[in-house]
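The structure appears right after this line, and notes come after that.
Rule-based calculations on the coordinates, nothing more; no lab input. Note that the structure is predicted; figures quoted are calculated from it, not measured. Note: ideal-geometry Cβ built from the backbone for every residue, glycine included; neighbour counts use all protein chains shown.
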Ligand SMILES: [Zn+2]
Ligand SMILES: [Zn+2]
């Protein structure tokens with residue numbers, strides 16, 4: 001048993017492989033890659049302009065490309081490029097006090113990101129169906145102003 005210098009891969013890193021909008025459209029880019037993997041492609045709007053933003057699909061890496069000039073501190077809106085459904089959710093970024101956006105995952109989980117450029121607050125939620133239903137139930141019966 002000798003150490004043959006195993007290649008270091010992204011072991012232990014979570015990658016968004018099949019991100020979807022709430023209506024089920026794929027948010028994965030065919031063209032833009034980060035580290036050889038398909039980027040997450042979203043429509044981005046800022047100050048009346050719209051463009052595309054491509055996110056590094058590895059969870060925890062805050063790398064992106066956009067055809068809009070996104071300066072630190074700008075709060076963007078994120079949409080599905082296909083159906084233009086907003087990805088904003090009720091969850092509030094505790095650092096910026098603005099609604100987060102979510103990329104849905106096929107297993108019922110979601111990646112939540114803060115839409116403020118430069119804010120690194122994000123969360124990964126992996127839930128099973130029962131938990132997800134419970135979450136929906138709670139949010140529907142909780143009336144808050
Ligand atoms: Zn869509
Ligand atoms: Zn934030």
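Points to keep in mind about this one:
- Spacing of the modelled spin labels on residue 14 and residue 31, each 7 Å from Cα toward Cβ, amounts to 3.0 nm.
- In terms of overall dimensions, the C-alpha atoms belonging to segment 28-141 reach 40, 31, 27 Å along their principal axes, ordered largest to smallest.
- Residue exposure sequence - 107, 90 - by fewest surrounding Cβ within 10 Å: 90, 107
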